[in-house]
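K.L.:
First, the structure itself, so that you have it in front of you.
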Amino acid sequence: MSPRTTTPDAGPPPVAAPREDGRPAKRDFLEIPDLSREELVGLLARAARLKSGEERGRPLEGKTLAMIFRKSSTRTRLSFEVGMYQLGGHAIFLSDREIQLGRGETVPDTARVMSRFVDAIMLRTYAHEEIVELARHATVPVINGLSDLLHPCQVLADLQTVQEEFGAELAGRRVAWIGDGNNMANSWINAAYRLGLELRLACPKGYEPDPRILKRAQAVADVKVVRDPREAAEGAQVVTTDVWASMGQEDESEVRAKAFNGFVVDGALMKRAAKDAIFLHCLPAHRGEEVTAEVIDGPRSRVFEEAENRLHVQKSLLVELMGGRPGRGKR
């Protein structure tokens, strides 16, 4: 099992101090609790309007998002790049092989330089501390596109998908997480912390979610870790999972396959969920490992709606952090 990083306990999002240059204080999105409950509700509502076409326009015209990828990506790159284009802005793809960060330039120096060229930075990386350090030194908004600790943008898309199925109210919705206590599990816990979800996480011993994130959520929300996937799935409206070995854990595949034996989301497990339950997966998926084909390709699966919603929630997030408001109605 790879070493896990932790995040400190946190209450409501801090109020950003005004900047010395007189421009509005910047906001970062490193984890879901960086936004208040009200802000999250508003962000998801805007995402729905953007998806339906009720809100249109080019509120980010003339603005640029720098996207740094230390990990490969399909949905993250597409959603941010297409989203910026649709909002009137521009996105620049940067792998760490193409910039000096990959050759030893420090994160603080990278943050300071990039802040003078672009209006926001998205980073997809391994160590969560790298995103925290980037945000600390950047003077423009920083977005967590994924770290080993958290994947907040994906869970925003998951939440939009849940709303589309069951309605806008998220408090009290029962969600079952089956598998590794990884960055997705941690982000679901953060969503429960902010929005009042009822969350059950079935994780094998030794693969539990981050203990500090869990403790923070359990102080205010109904969040439990169990060993039996059947217990977690009982009555759940949402059943969700992820691959057993994420990027950077490929050498653990055989060990993890043994540890996660019995943690497959199959038809029998879905029968324990609510009759109207849906299945979610952040993708890519390994059919026959963490989920069977009958489930992920079956009538309860919403994985491709979920994938599409990465575009809409990220457009809403970009508008929130970079300024501007879409217009209403047709262009």
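K.L.:
Out of the residues in the range 170-196 that are among the basic types (K, R) and more than 17 Å from the chain's Cα centre (by Cα), which is surrounded by the most Cβ atoms within 10 Å (Cβ to Cβ)?
P.N.:
R173
K.L.:
If L199 satisfies all but one of (1) assigned to a strand (DSSP E or B); (2) surrounded by fewer than 22 Cβ atoms within 10 Å (Cβ to Cβ); (3) in contact with a helix residue (DSSP H, G or I) (Cβ under 6 Å, 6 or more places away or on another chain), what's the number of the condition it fails?
P.N.:
It is condition (2) that L199 fails.
K.L.:
If you don't mind, there's one more thing I want to ask. Quick one: in the range 52-72, which of the residues that are closer than 25 Å to T110 by Cα and out of contact with any helix residue (DSSP H, G or I) (no Cβ under 9 Å at 6 or more places or on another chain) is surrounded by the most Cβ atoms within 10 Å (Cβ to Cβ)?
P.N.:
K71
K.L.:
Looking at G181, is it closer than 23 Å to L146 by Cα, assigned to a loop (DSSP other than H, G, I, E, B) and among the small types (G, A, S)?
P.N.:
Against the criterion (closer than 23 Å to L146 by Cα, assigned to a loop (DSSP other than H, G, I, E, B) and among the small types (G, A, S)), G181 qualifies.
K.L.:
Here are the criteria: (1) acidic (D, E); (2) buried (at least 22 other Cβ atoms within 10 Å of the Cβ); (3) over 29 Å from R77 (Cα atoms). Tell me which single one D242 does not satisfy.
P.N.:
(3)
K.L.:
If you don't mind, another one. May I ask you to list the residues in the range 244-278 that are of a type in the set (S, T, Y) and either under 11 Å from V291 (Cα atoms) or in a loop (DSSP other than H, G, I, E, B) (or both)?
P.N.:
Across the range 244-278, the qualifying residue is only S246.
K.L.:
On the basis of being assigned by TED's automatic domain parsing to the domain that holds F279, in contact (Cβ under 8 Å) with a residue 24 or more places away in the chain, more than 13 Å from the chain's Cα centre (by Cα) and not in a strand (DSSP E or B), does V162 make the cut?
P.N.:
Taking the combined requirement at face value, the residue satisfies it.
K.L.:
Looking only at residues in the range 87-100 that are under 24 Å from the mean Cα position of the chain (by Cα) and outside any strand (DSSP E or B), which one is farthest from R46 (Cα to Cα)?
P.N.:
Across the range 87-100, the extreme among qualifying residues is D96.
K.L.:
In the range 85-133, which residues are of a type in the set (G, A, S) and in contact (Cβ under 8 Å) with a residue 40 or more places away in the chain?
P.N.:
G89, A120, A127, listed by residue number.
K.L.:
At pLDDT below 95, not aromatic (F, W, Y) and not assigned by TED's automatic domain parsing to the domain that holds V82: which single residue out of A245, A236 fits that description?
P.N.:
A245
K.L.:
Let me ask you something else. Look at the range 133-159 and say how many of its residues are over 22 Å from L78 (Cα atoms) and assigned to a helix (DSSP H, G or I).
P.N.:
5
K.L.:
Test each condition in (1) in a helix (DSSP H, G or I); (2) aliphatic (A, V, I, L, M); (3) assigned by TED's automatic domain parsing to the domain that holds V265 for V175 and report the one that comes out false.
P.N.:
(1)
K.L.:
Would you pick out the residues in the range 279-294 that are part of a helix (DSSP H, G or I) and touching a helix residue (DSSP H, G or I) at 6+ places or on another chain (Cβ under 6 Å)?
P.N.:
Across the range 279-294, the qualifying residue is only E294.
The values are calculated or read from the model by the stated rules, or taken from the named source; none is laboratory data. Predicted, not measured: the structure shown is a model, and the values here were computed from it. No Cβ is skipped: glycine too gets one built from the backbone with ideal geometry, and neighbour counts run over all protein chains shown.
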